[in-house]
Amino acid sequence: MFGDNLKKYRIEKGYSQSDLAEKLFVTRQCVSKWEKGVTQPDLQTLSQISELLGVSADELIAGNGGDGKIHIADKNKLCFVINILIAVFCVIAFFVVWRFLPATVPAHWTHGVIDRYGSRNEIFINLATVAVFLAVDIIIFFAAKRVGDKRPLYVCHIVFILCQIANFIFIFAMYVEYLSDDISTAVCLTADLIMCVGASMHPKINKQNSFLGIRTAETLKSTTIWNKANALGCYLFSGCSIVIFVVNMSVIFEYSYLCLLAYVVLGIIVIIYSKKIKE
């Protein structure tokens, strides 16, 4: 248990066994024995390891034990990052909708009847709602660091994530029938979504777990392979999304949806890579 966690957090910190040994004034073989479970450090050394790796002694001793479960503190951090990425998605999505709307669109309804038309630029007023949801979630995230029981705050993160999603769906539903090109809009929104999902795959955001990221037999068994495969996936999917987004925002063409096949190819590349690399 301790050995697996020590190896995991050491690699996440970017230390080799020799690096850690040098900082602790022990031999590399000593660190190797800790990770193999042959021996364990004394309490003073354990405290030093905890400080160097930036994790608590409890996490080193227990951690997630490689069982794929995410601790509540990690869930709070992950939900916070997800909310930021959803906010980014919403901001970019409003630009997509704006791009494919006519210059003048319905701006107000009374009992379901349009009573005012306005400029398509008015869609950006909705960015204020996105900003408010995100600002409150930021306050919750930093408040969580001062609270012992983080579960209620974790629920708050989930609530604001759902509010962000519901807000976007509501705004999009108001304008969808006025869009000039449904296919290009769908492709741009898909690229926007996958760009945000791709960013969330980075191992600094998404630690090894059993339900997020590139999950193969190899990545779930090794933290090193998980980090390398998901880092590659992050860069490939996010980069490809930016290219697809820019192209389809600039040029409207009939078979734009074929651009999405690139994600299938990239997915295959990342899976093959995860099976070929070694620790």
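The values are calculated or read from the model by the stated rules, or taken from the named source; none is laboratory data. Given the structure is predicted, the values throughout are model-derived calculations rather than measurements. Using ideal geometry, Cβ is built from the backbone for each residue, glycine included, and neighbour counts are taken over all protein chains shown.
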If you go through ASN248, ASN227, the only one that is over 15 Å from ILE92 (Cβ atoms), crowded, with 17+ Cβ neighbours inside 10 Å and in the same structural domain as VAL187 (by TED's automatic domain parsing) is ASN227
Among the residues listed as LEU134, LEU193, LEU212, LEU179, the single one being out of contact with any Gly (no Cβ under 8 Å at 6 or more places or on another chain), under 24 Å from CYS90 (Cα atoms), modelled with pLDDT under 80 and surrounded by 13 or more Cβ atoms within 10 Å (Cβ to Cβ): LEU212
State whether one or more residues within segment 3-14 are over 32 Å from the mean Cα position of the chain (by Cα), aliphatic (A, V, I, L, M) and not assigned by TED's automatic domain parsing to the domain that holds LYS204. no
Give the residues of segment 48-79 that are hydrophobic (A, V, I, L, M, F, W, C) and either modelled with pLDDT under 75 or assigned to a helix (DSSP H, G or I) (or both), sorted by residue number. ILE49, LEU52, LEU53, ALA57, LEU60, ILE61, ALA62, ILE70, ILE72, ALA73, LEU78, CYS79
Residue hits (segment 224-267; more than 20 Å from the chain's Cα centre (by Cα) and either free of Cβ contacts under 8 Å to residues at least 40 places away in the same chain or not in a helix (DSSP H, G or I) (or both)) are VAL246, VAL247, SER250, VAL251, ILE252, PHE253, GLU254, TYR255, LEU258, LEU261, ALA262, VAL265
Return the residues of segment 101-146 that are within 19 Å of VAL159 (Cα to Cα) and either among the hydroxyl-bearing types (Ser, Thr, Tyr) or not assigned by TED's automatic domain parsing to the domain that holds ILE158 (or both); say none if nothing qualifies. THR129
